[in-house]
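Only one structure is covered here, and it is reproduced in the block below.
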Amino acid sequence: MMLHEAIRFARLEQRLSQKKLAEKAGVQRRQLATLEKGGNVTLATVRKVLAQLPNLESFTLDTVQVNVTSPPPKYLDMTKFQEAMELMGRTFQGLAKRIESGQLPQPEDVAALHEVNVRILNNLPPDSRLDVLGEQVVDYPEVLEKLEEEMLDLLSEEEGREP
């Protein structure tokens, strides 16, 4: 079923008029009518309408079959996540103090950072990214892994310099 047909079918299945669905989606009724006829509308309009049709499971877009259903998201255990964030804060504070005093990171700093990484990885759904500051997306596990590697490299270099 083509996208425009699937949208119309899903709307009728929910027993919604075009006017009611358009109101729920925050679009003009004529935009919805155009969409249901297969006409040109903005991607934003399509997204808003699709968001109001949870019963729409699949559609065809040109020759591509799109399945809309997905497994329910795994929600964060906020207590564990908060504990991991607090540990990360303490770890970075310790590192900052050490660096401010002119010292290099120590093995215990690497171990603490590794513990933060493990806790975050164990708590986040696979392939998840966290949205911070509105638009900037940070992959915390990747950032922490890189930082851990850099700290290990610094320690290795320092050990190589000692007589």
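I'm told Val41 meets every condition in (1) surrounded by 14 or more Cβ atoms within 10 Å (Cβ to Cβ); (2) modelled with pLDDT under 90 except one. Can you identify the failing condition by its number?
(2)
Could you tell me whether Ala33 is surrounded by fewer than 16 Cβ atoms within 10 Å (Cβ to Cβ) and either touching a residue at least 12 places away in the same chain (Cβ under 8 Å) or not assigned by TED's automatic domain parsing to the domain that holds Leu155 (or both)?
Numbers: surrounded by fewer than 16 Cβ atoms within 10 Å (Cβ to Cβ): yes; either touching a residue at least 12 places away in the same chain (Cβ under 8 Å) or not assigned by TED's automatic domain parsing to the domain that holds Leu155 (or both): yes.
Criteria met by Ala33.
Residue under question is Gly38, and the condition is that it be farther than 30 Å from Glu150 by Cβ and in contact with an Asp or Glu (Cβ under 9 Å, 6 or more places away or on another chain); does it hold? First the steps, then the outcome.
Working: farther than 30 Å from Glu150 by Cβ: yes; in contact with an Asp or Glu (Cβ under 9 Å, 6 or more places away or on another chain): yes.
Answer is yes for this residue.
Here's the yes/no breakdown for (1) touching a Ser or Thr at 6+ places or on another chain (Cβ under 6 Å); (2) among the small types (Gly, Ala, Ser); (3) closer than 30 Å to Val116 by Cβ; (4) not in a loop (DSSP other than H, G, I, E, B):
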| position | (1), (2), (3), (4) |
| --- | --- |
| Glu5 | no, no, no, yes |
| Leu16 | no, no, no, no |
| Arg30 | no, no, no, yes |
| Ala33 | no, yes, no, yes |
| Ala44 | no, yes, no, yes |
| Pro54 | no, no, no, no |
| Phe59 | no, no, no, yes |
| Glu83 | no, no, yes, yes |
| Met88 | no, no, yes, yes |
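The values are calculated or read from the model by the stated rules, or taken from the named source; none is laboratory data. Please read all numbers here as calculations on a predicted model, not as lab measurements. Cβ coordinates were reconstructed from backbone atoms using ideal geometry, including for glycine residues, and neighbour counts include every protein chain displayed.
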